[in-house]
Amino acid sequence: MAAKQLHVGARRPRDSRSPRAPRALPVILVQMPWGALERPALGISLLAAELRRRGIDCEVRYLNMHFADRIGGDRYQQIAHELPHVAFAGDWLFTAALYGSDPRRDALYLDEVLRGQWQLQRSAIDRIVGVRETIEPFLAEVLTGLSWPENGLVGFTSTFEQNIASLALARRLKRRHPDLAIAFGGANWEAVMGRELHRAFPFVDYVCSGEADLTLPALVEAHALPLQSRQRQLQRTPGLVFRVNGATADTGPATPIEDLDALPVPVFDDYFNARDASTAARQVPATLLFEGSRGCWWGAKSHCTFCGLNGHSMGYRSKSPARLLGEITSQIRRWPCPTLEAVDNILDMRYFDSVLPGLEQLDLPGPIFFEVKANLKRHHVASLARARILRIQPGIESLSDHVLQLMRKGTTALRNVQLLKWCREYGISVDWNLLYAFPGETDADYEQIVTLLPKVRHLQMPGSCGPIRLDRFSPYFEHPETFGLEHVRPMPVYRFLYPIEGLRLHDVAYYFECSYARGREPSPAARNAVAVAEALRRESDSGTAGSLQAIPRRDGGLSLADTRRGARVAALRLSRYERLIVERIDEVSSPAQVVEYLQAANPGATFDEADVRAFLDELVGYEMAATDGLHYVGLALMPGALRPTLETFSRRRQGSSSRVGRTIPIAVRAVFEDTAHA
Ligand code: B12
Ligand code: SF4
């Protein structure tokens with residue numbers, strides 16, 4: 001198949017292809033409902049690029065768009081995105097097409113899951129159920145209306161709610177074209193899940209588990225070989241599930257790609273062509289995806305206890321800055337999109353001095369999204385903004401130190417607050433959720449959050465609040481006993497999706513439920529924190545939260561102007577020395593560090609730590625700083641004029657001065673400019 005290739009210094013991954021291998025059969029990679037309309041399917045776009053550069057005929061089919069056109073874009077989006085993901089309504093809709101109709105089972109699902117668990121109204125349920133009647137005509141249309149090779153390979157990508165629709169089409173394809181090989185890959189088929197699903201669905205010939213950049217090409221090439229040598233070749237390919245004498249066999253985990261520069265640039269032609277032809281897809285703006293890295297450098301050191309993000313490949317690998325920049329540049333020029341999103345779990349810190357300045361030069365029209373680690377410095381945040389990375393997901397998750405420790409997040413409540421503050425200053429939107437129900441949490445943890453939240457009401461509030469979900473591959477799932485979790489079992493909804501005799505549901509599920517051992521139960525006080533967070537979010541959405549701003553004065557001092565609802569004073573007037581203190585606690589600092597800063601800024605002078613601490617406590621009293629008892633962070637937003645100095649400071653910490661001179665007392669009494677608000 002003719003494919004315009006973009007090679008940005010890409011090298012071919014090591015491959016085991018025999019020079020005598022016969023010409024591989026054509027490949028079709030499929031994106032089924034409920035895959036997103038607004039972005040290309042990155043995994044199969046990457047695999048298609050690799051197959052094409054090996055000379056293999058490969059097409060990516062966006063059958064999700066065919067379906068969306070049938071049921072209407074709005075309804076598609078509602079089921080794909082607006083319903084709670086773990087209700088699996090999208091998957092359930094296709095169950096009759098996969099297993100045959102079962103009114104009793106359906107009635108139970110609607111009653112137990114949609115009505116009972118998720119409290120959906122009758123009208124909402126009716127709208128969902130109404131989609132059922134479009135499914136058989138859709139499957140018939142794509143089965144007979146599109147051309148499928150008699151032999152060759154059709155590969156389904158499956159993440160989120162794509163399993164049942166994909167299996168329903170795969171079954172029909174196999175029946176109609178018995179020589180066509182059916183393969184599956186994607187998050188829903190990794191590791192034991194792929195093996196068990198393969199066992200349960202005999203029409204699935206192959207599964208690629210995990211990263212398939214090497215596995216799929218090897219499989220496609222092996223599939224063209226005569227049966228005997230094919231089996232030998234398959235057995236030599238890591239990451240594969242296939243059949244030997246009718247029984248499921250596997251070759252263990254895939255080999256993660258070490259050199260990401262060796263990957264091709266994903267091909268998005270098929271996505272944009274399909275989008276042009278789809279009314280439903282054109283209704284939503286397209287997002288361009290790019291991949292800078294795989295795995296997680298933090299998780300490789302300290303795996304966050306609830307995180308199942310990386311399956312079996314946590315080891316961190318990233319593209320070289322030159323390669324990544326080249327890829328982004330060529331892709332965005334070719335496919336101008338209003339937003340650009342990195343799929344990385346965590347930003348590579350070396351990109352701050354390489355990729356980010358490059359993005360700044362590109363002067364992209366729309367915002368970029370990246371996941372980052374929360375303990376960034378001010379100058380990092382400034383670089384993000386300059387590079388137009390205006391939406392980040394920093395994994396804040398909580399504002400309690402103890403809860404953050406329980407989840408091994410490697411950050412603190414004050415650092416999280418500091419990041420929220422800087423992001424507000426630089427106009428960066430922060431995606432964060434307040435998570436609770438961690439084993440070992442205490443009531444005091446949520447009391448801390450309830451105390452802190454109103455003080456940071458002028459910063460971004462959590463987008464949502466919810467209990468943690470027990471995900472496959474997470475430490476909670478892998479070692480529940482270590483954390484005091486018991487009776488780990490698949491979420492009950494799975495039995496409606498896989499009503500198959502003898503199926504090990506535990507091996508197919510991605511999400512689980514559990515009980516808590518005595519003494520490890522979730523804290524009921526989390527409810528209060530959620531109520532406070534939600535009320536503050538509503539306040540913030542209505543634009544009435546107010547703000548806390550630092551305003552430099554001509555005399556070298558600083559005023560802190562407080563328009564937050566319930567402010568203790570309207571403004572504080574601070575002296576030059578006090579201003580220096582506020583500047584230092586722009587970043588989380590101990591009183592000793594503040595003293596060091598004051599001394600460095602006033603050579604020859606000395607400052608008393610007790611004075612400084614008293615002043616800081618006073619600021620805390622006015623809710624203009626927050627403390628964990630040992631450290632302090634200022635809550636006021638710094639004006640643009642002060643930011644460059646603070647950025648420089650955050651880049652290179654000032655050394656301490658050991659010179660002793662006259663002692664300057666801190667005038668801890670702040671001058672009120674106004675009386676307290678009502
Ligand atoms: C970026 C990302 C997102 C993005 C966009 C996702 C996208 N790419 O479209 C956003 C922010 C929107 C998102 C949202 C959510 N996400 Co998300 N996300 C990811 C993340 C971090 C990267 C996905 C990615 O693009 N990877 C890079 C590509 C190249 O890899 P890939 O798609 O896996 O493809 C490779 C292999 O899987 C395989 N492969 C893929 N398809 C096929 C097909 C065939 C035939 C073969 C042979 C091989 C094969 O080969 C590919 C190349 O090696 C993954 C975690 C991860 N590390 O993968 C989670 C992940 C996909 N997300 C997940 C979840 C649960 C969610 C949310 C529900 C939020 C949440 N965490 O609770 C929402 C739901 C969104 C929705 N319903 O639309 C889960 C999915 C679990 C599942 N069983 O489906 C994952 C695995 C993380 C996790 N464990 O929690 N997510
Ligand atoms: S939650 Fe984020 S930081 Fe933690 S291990 Fe997972 S990907 Fe890494």
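The values are calculated or read from the model by the stated rules, or taken from the named source; none is laboratory data. Only a predicted model underlies this, so the values are computations on that prediction, with no experimental measurement involved. Because the Cβ atoms are built from the backbone with ideal geometry, glycine has one as well, and the counts that use them run over all protein chains shown.
Scanning the stretch 599-618 for residues that are without any contact (Cβ under 8 Å) to a residue 40 or more places away in the chain and buried (at least 23 other Cβ atoms within 10 Å of the Cβ) returns a single hit, Leu616. The residues of the stretch 141-191 that are surrounded by fewer than 15 Cβ atoms within 10 Å (Cβ to Cβ) and over 17 Å from Asn64 (Cβ atoms), listed by number, are Thr144, Ser147, Glu150, Asn151, Arg175, Arg176, Pro178, Asp179.
Scanning the stretch 222-245 for residues that are modelled with pLDDT of 95 or more and either of a type in the set (Asp, Glu) or at positive phi (or both) gives a single hit, Gly239. Residues that are over 21 Å from the mean Cα position of the chain (by Cα) and either closer than 20 Å to Lys319 by Cα or within 16 Å of ligand 1 (Cβ to nearest atom) (or both) within the stretch 360-382 comprise Glu360, Gln361, Leu362, listed in sequence order. From the list Val508, Val532, the lone residue that is buried (at least 19 other Cβ atoms within 10 Å of the Cβ), closer than 29 Å to Thr159 by Cβ and either modelled with pLDDT of 95 or more or in the same structural domain as Ile396 (by TED's automatic domain parsing) (or both) is Val508.
Can you pull out the residues in the stretch 227-262 that are closer than 16 Å to Val204 by Cα and of a type in the set (A, V, I, L, M, F, W, C)? Selection gives Leu234, Leu240, Val241, Phe242, Val244, Ala247, Ala249. Filter the stretch 333-346 for residues that are away from ligand 2 (no atom under 16 Å from the Cβ) and not aromatic (Phe, Trp, Tyr); which is surrounded by the most Cβ atoms within 10 Å (Cβ to Cβ)? Going through the qualifying residues, I end up with Leu340. Residues being in contact with a strand residue (DSSP E or B) (Cβ under 8 Å, 6 or more places away or on another chain), under 30 Å from Phe94 (Cβ atoms), touching a residue at least 40 places away in the same chain (Cβ under 8 Å) and surrounded by fewer than 19 Cβ atoms within 10 Å (Cβ to Cβ) are represented in the stretch 469-480 by at least one member. Looking across the stretch 281-332 at every residue that is within 20 Å of the chain's Cα centre (by Cα) and charged (D, E, K, R), the one that is farthest from ligand 2 (Cβ to nearest atom) is identified as Lys319. Check whether at least one residue in the stretch 94-110 is outside the structural domain of Ala187 (by TED's automatic domain parsing), aliphatic (A, V, I, L, M) and within 31 Å of the chain's Cα centre (by Cα), and report yes or no. Yes. Within the stretch 409-443, restricting attention to residues that are among the charged types (D, E, K, R) and under 18 Å from the mean Cα position of the chain (by Cα), the residue that is surrounded by the fewest Cβ atoms within 10 Å (Cβ to Cβ) is Asp431.
Taken across the stretch 52-59, residues that are in a strand (DSSP E or B) and either among the aliphatic types (A, V, I, L, M) or within 14 Å of ligand 1 (Cβ to nearest atom) (or both) do occur, with at least one present. Scanning the stretch 568-588 for any residue that is outside any loop (DSSP other than H, G, I, E, B) and under 21 Å from Ala545 (Cα atoms) turns up at least one such residue.
Does the stretch 161-171 contain any residue that is out of contact with any Leu (no Cβ under 7 Å at 6 or more places or on another chain), within 10 Å of ligand 1 (Cβ to nearest atom), among the hydroxyl-bearing types (Ser, Thr, Tyr) and assigned to a helix (DSSP H, G or I)? There is at least one residue in the stretch 161-171 that is out of contact with any Leu (no Cβ under 7 Å at 6 or more places or on another chain), within 10 Å of ligand 1 (Cβ to nearest atom), among the hydroxyl-bearing types (Ser, Thr, Tyr) and assigned to a helix (DSSP H, G or I). Taken together, Asp270, Asp276, Asp261 contain a single residue that is free of Cβ contacts under 8 Å to residues at least 12 places away in the same chain and away from ligand 2 (no atom under 13 Å from the Cβ), which is Asp276. For the stretch 219-267, a residue qualifies if it is in a loop (DSSP other than H, G, I, E, B), under 30 Å from Cys296 (Cα atoms) and of a type in the set (Gly, Ala, Ser), and the qualifying residues are Gly239, Gly252, Ala254. Within the stretch 304-314, is even one residue at negative phi, more than 11 Å from ligand 1 (Cβ to nearest atom) and out of contact with any Lys or Arg (no Cβ under 6 Å at 6 or more places or on another chain)? Scanning the stretch 304-314, I find no residue that is at negative phi, more than 11 Å from ligand 1 (Cβ to nearest atom) and out of contact with any Lys or Arg (no Cβ under 6 Å at 6 or more places or on another chain), so the answer is no. Taking residues in the stretch 285-310 that are more than 19 Å from Phe160 (Cα to Cα) and outside the structural domain of Tyr351 (by TED's automatic domain parsing), and partners anywhere that are aliphatic (A, V, I, L, M) and within 8 Å of ligand 2 (Cβ to nearest atom), not one pair has Cβ atoms closer than 6 Å while being at least 6 places apart or on different chains. When Phe438 is evaluated against the numbered criteria (1) closer than 20 Å to Asp628 by Cα; (2) within 16 Å of ligand 2 (Cβ to nearest atom); (3) at pLDDT 95 or above; (4) assigned to a loop (DSSP other than H, G, I, E, B), which criterion, by number, is the only one it fails? In the conditions (1) closer than 20 Å to Asp628 by Cα; (2) within 16 Å of ligand 2 (Cβ to nearest atom); (3) at pLDDT 95 or above; (4) assigned to a loop (DSSP other than H, G, I, E, B), Phe438 misses (1) alone. Restricting attention to the stretch 132-151, the residues that are away from ligand 1 (no atom under 16 Å from the Cβ), within 28 Å of Ala24 (Cβ to Cβ) and in contact (Cβ under 8 Å) with a residue 60 or more places away in the chain add up to 3. Just one of (1) at pLDDT below 95; (2) surrounded by 17 or more Cβ atoms within 10 Å (Cβ to Cβ) fails for Gly73. It is (1).
Across the stretch 172-187, what is the total count of residues that are in a loop (DSSP other than H, G, I, E, B) and either free of Cβ contacts under 8 Å to residues at least 12 places away in the same chain or more than 8 Å from ligand 1 (Cβ to nearest atom) (or both)?
3
Scanning the stretch 522-543 for residues that are farther than 16 Å from Leu399 by Cβ and touching a residue at least 60 places away in the same chain (Cβ under 8 Å) gives Pro522, Pro524, Glu539. What residue, of Leu453, Leu485, is in contact (Cβ under 8 Å) with a residue 60 or more places away in the chain and not aromatic (Phe, Trp, Tyr)? Going through Leu453, Leu485 in turn, the sole match is Leu453. The listed residues are Val154, Val113, Val129, and the only one of them that is assigned to a helix (DSSP H, G or I) and touching a residue at least 40 places away in the same chain (Cβ under 8 Å) turns out to be Val113. Only a single item in (1) free of Cβ contacts under 8 Å to residues at least 24 places away in the same chain; (2) under 22 Å from Ile428 (Cβ atoms); (3) not aliphatic (A, V, I, L, M) is not met by Gly546, and it is number (1).
Taking the stretch 383-402 as the range and being away from ligand 1 (no atom under 16 Å from the Cβ), more than 19 Å from Tyr632 (Cα to Cα) and surrounded by 21 or more Cβ atoms within 10 Å (Cβ to Cβ) as the test, the residues that pass are Ser383, Leu384, Ala387.
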